[in-house]
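The block underneath contains the structure these notes are about, expressed in structure tokens.
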Amino acid sequence: MANSRFEYVKQFEQSDSLLPNTWIVIRVDGRGFTKLCAKYKFEKPNDRRALDLMNNAAKAVMAELPDITIAYGVSDEYSFVLHKTCTLFERRASKLITTIASTFTSYYIHLWSTYFPDTPLSPPLPSFDGRAVCYPSVQNLRDYMSWRQADCHINNLFNTTFWSLIQLGGLDAKEAEKLLAGTLSADKNEILFSRFKINYNNEPEMYKKGSVIFREYELVEPGSHNVAETIDDVAEPVKQSKTQDENDRKRRNKARLVINHLDIIKDDFWDRRPWLLSNKPGKVPNLLCFSSRPPLLFRLSALAYKVLRTLIRCHFSPPGSTDSRYVYSGSHDGKVYVWNMDASLAGKIDVCATTSREKSLPRAYRQYYARRGLPGWSTIVRDASWHPTAPFIAASSLNGWDNALGTVTLHSYNEGSLDEGFPEMGTAYDEKLQQVSGGNRDDSGMELLDESP
């Protein structure tokens, strides 16, 4: 900056550097969100679209600012944690708060149309304020995160009960508030179940636990480290070489940012993810290889599939109806497999049985197959697509006596052992999702729905 007679005004600027060797939490809160929720008619007690918007705005902030180690969000607030060794913006509070709050607001507005495509924004636009708090120890930081998650549970249980009394029970706001005054958690659970048959434990995890975002590395066994004690014992940041810093940066860039809804109060969350406290990137996981046999643990492999004839794709289940808690894929054996996130088998659909014998084979060919011991009809499920809101999975397959026939079939899939659909989803539906009477085959003879897995 060139010297001038006006430069003296710099003397009025005050240093606002945050305490060294402390964890920094920047919390952003929505400004005037009560009015905003009413203006855009957010669903009560929870609007999944609004929460997904918050989560993805926070994820974008973490992608732009790799110094953030973990973020936790609930309702219209998000907390971003910077490691105690962080030197971003020389730890100046004003720079950290304004950068994170403005970046979050920018992405919130930018992503709005993705989650509310039919509701354009109009002034006044959404905005977020921020604050910075320093915590000296790991235990202080964990207690802060636990406080926010405990608040999430308490508020969500109250709101779920409150709005059930209004929407399902016919009470007005004052009557519902009076009824809930002085009640405990057990009382609210009893009201939900006895009056409305709502089991609070079955509510989506995101509503009950909030959302936590972090970079994903391979989990470690609890008790294999003492990161918390080591970090608390460090009096000043350990300086690394430029090569070490560059290697850490590359490993962070390779890591995948994930949005989860986990219990962050218990020790297990932190014990299995030591990189959150150590600020040292972990080992980037290899591709997950899911077996059709239910294993006890994840089996890791660089090759997810052995491709024999064609590429077989896998997908996460829809976020809206299943919280993306399953992985599903076609298979060379003619089935669609659905796995839990711990790689245990959640269910399967036998597409081969559904499509078999769609076209008859001449007798001479059948004898040829029999003499040579060939399997005959086979099915390879190349791809599957889970309906975003209804319990249906469509399967695209290569099948037939020489895998030359292509079919697309529609199958029902219910997550639980009981068929909760009304009417039951085990009955047959046509291509317009209209119930087909008289059995589970349409006029062409194609089996639209197989048995529930």
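The values are calculated or read from the model by the stated rules, or taken from the named source; none is laboratory data. Note that the structure is a prediction, hence the values are computed from the model and not measured. Note: ideal-geometry Cβ built from the backbone for every residue, glycine included; neighbour counts use all protein chains shown.
Number of residues in region 180-201 that are over 30 Å from ILE70 (Cα atoms) and in contact with a helix residue (DSSP H, G or I) (Cβ under 7 Å, 6 or more places away or on another chain): the value is 8. A single member of THR119, THR114, THR105 is assigned to a helix (DSSP H, G or I) and out of contact with any strand residue (DSSP E or B) (no Cβ under 6 Å at 6 or more places or on another chain), and it is THR114.
In this structure, ASP16 does not satisfy being modelled with pLDDT of 95 or more, charged (D, E, K, R) and within 47 Å of the chain's Cα centre (by Cα). Cβ separations smaller than 7 Å between residues 6+ apart or across chains give the following pairs from region 175-187 residues that are within 16 Å of ASN156 (Cβ to Cβ) to residues that are in a helix (DSSP H, G or I) and of a type in the set (S, T, N, Q): LEU180/THR161. Would you check if there is a residue in region 88-98 being surrounded by 18 or more Cβ atoms within 10 Å (Cβ to Cβ), touching a Ser or Thr at 6+ places or on another chain (Cβ under 9 Å) and on the phi > 0 side of the Ramachandran plot? Within region 88-98, one or more residues are surrounded by 18 or more Cβ atoms within 10 Å (Cβ to Cβ), touching a Ser or Thr at 6+ places or on another chain (Cβ under 9 Å) and on the phi > 0 side of the Ramachandran plot.
So that you can scan it fast, the table gives a plain yes or no per residue for (1) among the β-branched types (Val, Ile, Thr); (2) modelled with pLDDT of 95 or more:
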site	(1), (2)
ILE68	yes, yes
THR85	yes, no
TYR108	no, yes
ALA132	no, yes
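If only residues of region 337-359 that are among the acidic types (Asp, Glu) and more than 24 Å from the chain's Cα centre (by Cα) are counted, the one that is modelled with the highest pLDDT is ASP350.
Using the structure shown, decide if TYR135 is within 23 Å of the chain's Cα centre (by Cα) and either surrounded by fewer than 16 Cβ atoms within 10 Å (Cβ to Cβ) or among the aromatic types (Phe, Trp, Tyr) (or both). No: the conditions fail for TYR135. Per this entry, PRO204 is counted among residues that are over 20 Å from ILE70 (Cα atoms) and in contact (Cβ under 8 Å) with a residue 60 or more places away in the chain.
Name every residue in region 105-157 that is among the acidic types (Asp, Glu) and in contact with a Lys or Arg (Cβ under 6 Å, 6 or more places away or on another chain), in order of residue number. ASP129, the sole residue that qualifies.
Of everything in region 282-313 that is more than 30 Å from ARG249 (Cα to Cα) and at pLDDT 75 or above, the residue that is nearest to the chain's Cα centre (by Cα) is ARG313. ASN156 satisfies every condition listed in (1) in the same structural domain as TYR78 (by TED's automatic domain parsing); (2) under 27 Å from ARG272 (Cβ atoms) except (1). Selection within region 62-87: residues that are buried (at least 16 other Cβ atoms within 10 Å of the Cβ) and among the acidic types (Asp, Glu). The member of this set that is farthest from ASN140 (Cα to Cα) is ASP76. Of all the residues that make up region 122-145, how many are touching a residue at least 60 places away in the same chain (Cβ under 8 Å), outside any helix (DSSP H, G or I) and either farther than 18 Å from TYR78 by Cβ or not polar (S, T, N, Q) (or both)? So the count comes out to 12.
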